[in-house]
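Just below is one structure, and these are the notes that go with it.
The values are calculated or read from the model by the stated rules, or taken from the named source; none is laboratory data. Keep in mind the model is a prediction, meaning the values are calculated, not measured. Cβ: placed from backbone, ideal geometry, glycine included. Neighbour counts: every protein chain shown. What goes into the accessible areas is simple: the full protein's heavy atoms, side chains included, and nothing from ligands, DNA or RNA. Shrake-Rupley method; radii C 1.70, N 1.55, O 1.52, S 1.80 Å.
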Amino acid sequence: MKGCILAIESSCDETSAAIMINREVKSNLIANQTIHADYGGVVPELASREHQKNILPVVDQALKKAKVSIDELEAIAYTKGPGLLGSLLVGSSFAKGIALSRNLPLIEVNHMKAHILAHFIKDENKEPELPFLCLTVSGGHTQIVKVKSQLDMEVLGETLDDAAGEAFDKAAKMMNLPYPGGPLIDELAKKGNEDRFKFKVGEMEGYNFSFSGLKTGILYFLRDEVKKDPDFIEKNKADLCASIQKSIVDALMLKLNKAVKDTGITHLALAGGVSANSKLRAAFTELEEKACTCYIPKFEYCTDNAAMIAIAAHYLIESGEIAKQASAPEPRMKI
Ligand code: KG4
Ligand code: ZN
């Protein structure tokens, strides 16, 4: 077996298909859904309809780009969860259909494990040494995971409410920035003073996080300031962005530092869309000064993509974990 995998990712608002052979990405196509920008966040029903429109052309292009015919496929992988049920159903039904019609093994993948396993895609610069700690930060999740092997992972802590990416996006929305606001806050923050405003992030036990208090704090602060000066947000946008970004990144780094100290694990990885954030990347790589080895995947493998589903499937196939046709999406699937 050459190990030619077709992987499909459809957990949120990206329809993605990838072809992987022996841990090497042959193609990784992503159709973004711009429709949600008008609503300030992902609308689940619209997301699943967009997936239905996109899935066939995305898979078709992934095969063409990889110069692989459908007859050469040896396994079909899909995201089982966590994610939006309607979105997951589109990817899983499509994957099951191909697997059934071509009599191919079906592999079900945990999206959060896949974000972490993106570090093992062959064209990554260096693979993390096991065991390592992974800070996974996306629009839907925030976790610190102890990775003992590609198949054995333990969540040390996670957010009890909003994810870090959600905190960025909701704060951006309050400042009238379009969705997704995370990258815009990052950009605007570059010209701002991060010590100008203080926004408190809730303190949680252990390695857990909470960002909902920060969201309310920003909302009330802006409401009060705008009452005094209607142009407050416009006049102070860069300083607001820098100060909000600092609060979120400091909260993430505080818990990561604690986990490093407590576990003694010095190999550290970042994963998920928020790892594109420039302040988080800088703070994370500063840990190298504390004798840690830091790994950040290429940007294209940080945000939701099917190549990460394919690499996770690669390890599941190696261990013989084949799914049944009766397998169903699990919106709240745990690591
Ligand atoms: O992993 P991802 O693509 O999708 C989810 O699984 O959620 O992450 C998307 C999240 C969004 O919340 C987006 O605003 C955030 O990642 N994000 C950023 C940056 N780039 C993407 N947040 C802060 N700074 C960035 N540069
Ligand atoms: Zn994700």
Of the candidates Met153, Met175, the one satisfying the condition of being on the phi < 0 side of the Ramachandran plot and within 16 Å of ligand 2 (Cβ to nearest atom) is Met153
Sole exception among (1) closer than 20 Å to Phe94 by Cβ; (2) part of a helix (DSSP H, G or I); (3) open to solvent by 30 Å² or more (accessible area, probe 1.4 Å) for Asn28, by number: (2)
Could you list, in sequence order, all residues of region 281-327 that are within 16 Å of ligand 2 (Cβ to nearest atom), closer than 21 Å to Leu106 by Cβ and modelled with pLDDT under 95? Asp304
From Gly202, Gly217, grab the single residue that is on the phi < 0 side of the Ramachandran plot and part of a helix (DSSP H, G or I). Gly217
In this structure, is Ala313 more than 20 Å from Lys146 (Cα to Cα) and either without any contact (Cβ under 8 Å) to a residue 40 or more places away in the chain or not assigned by TED's automatic domain parsing to the domain that holds Phe168 (or both)? no
Flagged pairs (Cβ under 8 angstrom, 6 or more apart or on separate chains; first in region 177-200, among the aliphatic types (A, V, I, L, M); second within 16 Å of ligand 2 (Cβ to nearest atom) and modelled with pLDDT of 95 or more) are Ile185/Phe168
Residue that is surrounded by the fewest Cβ atoms within 10 Å (Cβ to Cβ), among those in region 246-302 that are of a type in the set (Asp, Glu) and more than 17 Å from the chain's Cα centre (by Cα): Glu289
The listed residue being among the charged types (D, E, K, R), buried (at least 20 other Cβ atoms within 10 Å of the Cβ) and either modelled with pLDDT of 95 or more or within 14 Å of ligand 1 (Cβ to nearest atom) (or both), out of Glu108, Glu154, Glu129: Glu108
